[in-house]
Amino acid sequence: MTDLYQKDFEKIVARTSRRNFLQNTAMGLGSLALSGLLTPNSSRANTVPFGGHFPAKAKRVIYLFQSGGPSQLETFDYKPALEKWHGQEIPDSVRGTQRNSGMVSNQSTFPLVRSIYDFKQFGQSGAWVSELFPHTAKIVDELCIIKSMYTEAINHEPAVMFVQTGSQISGRPSIGSWLSYGLGSLNQNLPNFVVMISQGGGAQPLNSQYWGNGFLPSHHQGVQFRSGKDPVLYLNNPHGIDNSDRRRALNYIRKFNEVQMDRWGDPEIESKISQYEMAFRMQASVPEAVNILGEPDHIYKMYGPDVHRPGSFAANCLLARRLAERDVRFIQLYHTGWDQHGGLPRGIKRQAQDTDQPTAALIQDLKQRGLLEDTLVIWGGEFGRTSFSQGQLTRDNYGRDHHPGCFTMWMAGAGVKPGLVYGSTDDLGYNVTENPVHVHDFQATLLHLLGINHENLTFKYQGRRFRLTDVHGHVVKDILT
């Protein structure tokens, strides 16, 4: 009976192997080729792998994600009218235009609050910048500041998920994964998509699905680089194993995987082969890429004293520049701690001190090396903050609730108009009044700068063709050069 089961199993394997399937198809490979020609909108055809739909302005992206929702009213969206309204109740006609989170459901009054920090205009653009960001103010003419961003999500996890994957529900591919899938690699010795998380930020948790591959093959997921002696977990050889041993083992593993791939046709087996080979190459490339000890003193001074603290935002910004030099396609930095429901003046000052100088240094460093011409840099969070105070308003303290109705982001570098302030909000900083930019518009524009038509970068999964921008999104052409 056991032998009979074994023979049945072998017959099933034979029927399901890729080679057997192709050999027994009526028209064989010819029919598959004809099918590809007749259906150019197939999921893989649309991705235009290792290329693009049109010439790209950007080759790579550095995304400085400020997780927690930075207040636009303390950063780049100056609202002098709040001086007059300070302490007064926000009109119901204004507050009723937006959802509020459950954290203010028991609040009976909603007093408007001005920023405790001063603003001034800088650069030829005359952009308003808070005194919290003196270094960013010096490079404001390199930035395209978008004041009219808005989103559909009001809580952190779905809001971050929405910006990063185009959906509030987990399970979709992140931006970096889409770019890895659609454009391929610029560097065979480092991952296409690298993630770094600042140490010492706020306590807000980050979900690894923010940089996940979703339903795309797993080798497109982000690879997290950590601070310390082992930037990538399990990359180093175990004790007693040298590179020749590892190479020989990988060769045997690859042969076994190829047999399984030929038998079952599972694309995840190919991903596994790819990941093993990348890990082997990274054993040599990663230590060199993350070693900042050879940088000149003026670079350390540019990024600020925190650059010497492994895992700091400053150190990660310098590493981002080094990875950009080595043509990593998508570099994602997360800095948490911007969620100030109370104690905002002190909290946001600390956040600015951690991020202002290294952010400006990154722009300057890229520019002096000629990298800003084809590197897109993005700064922003998942939503904004309310113009009314959450909790008690005192002379020197207040908080702000989540606010999806308007927030500020900026972009710099490849293909973006420098020194531009785009969009506007009302006098109370509560609603977008000019040139609204939805999250999907931002994503469509990002892809456009990389040479991709966002409507054509798709992947068929469970009977539906998915894309980063779902069924929405328009390229914001007014901000493009």
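Read-outs throughout are calculated quantities, based only on the coordinates presented, and are distinct from any laboratory measurement. It should be emphasised that the depicted structure is a prediction, and the values quoted were computed from it without experimental measurement. Glycine also receives a Cβ, built like all others from the backbone with ideal geometry; neighbour counts cover every protein chain displayed.
See the values below:
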read-out: FRET efficiency estimate (nearest 0.05) - Cβ-Cβ, Asp470 to Tyr252, R0 41 angstrom; value: 0.40
read-out: Reachable lysines, given that their alpha-carbon falls under 17 Å from the alpha-carbon of Lys57 and they are not under 8 places away in the same chain; value: Lys367, Lys417, Lys477
read-out: Dipole in debye (nearest 20) - the chain, about Cα centre, beta carbon charges: Lys, Arg +1; Asp, Glu -1; value: 1060 debye
read-out: Tilt relative to the chain, helix 267-290 - C-alpha long axis, 0 to 90 degrees, to 10; value: 60 degrees
read-out: Extended-chain gain in nm, criterion 0.36 nm per residue less alpha-carbon gap, Leu233 and Met103; value: 43.0 nm
read-out: Dipole of the chain, positive direction: furthest Cα of Trp264, Ile479, Trp178, with charges on the beta-carbon; value: Trp264
read-out: Simple Cβ-charge dipole of region 340-386, Lys/Arg +1 and Asp/Glu -1, about Cα centre, in debye nearest 20; value: 320 debye
read-out: Helical contribution to [θ] at 222 nm, DSSP H n ≥ 4, -39,500 (n - 2.57), averaged over the chain, rounded to 500; value: -11000 deg cm²/dmol
read-out: Label-to-label distance, nm, for residues given as Gln121 and Ser424 (7 Å Cα→Cβ offset); value: 1.3 nm
read-out: Difference of contour (0.36 nm per residue) and Cα-Cα distance, His298 to Val259; value: 8.7 nm
read-out: FRET E, pair Gln204, Thr394, Förster distance 25 Å, beta-carbon r, rounded to 0.05; value: 0.50
read-out: Over 23 Å between alpha carbons, listed pairs Lys59/Lys460; Lys229/Lys349; Lys79/Lys301; Lys120/Lys349; Lys301/Lys349; value: Lys59/Lys460; Lys229/Lys349; Lys79/Lys301
read-out: Between helix 439-449 and the chain: long-axis angle, C-alpha atoms, 0 to 90°, nearest 10; value: 60 degrees
read-out: Extension gain (nm, one decimal) between Glu373 and Glu325, 0.36 nm per residue minus Cα-Cα; value: 16.0 nm
read-out: Ala284-Leu480 pseudo-label distance in nm [points 7 Å out on the Cα-to-Cβ vector]; value: 4.0 nm
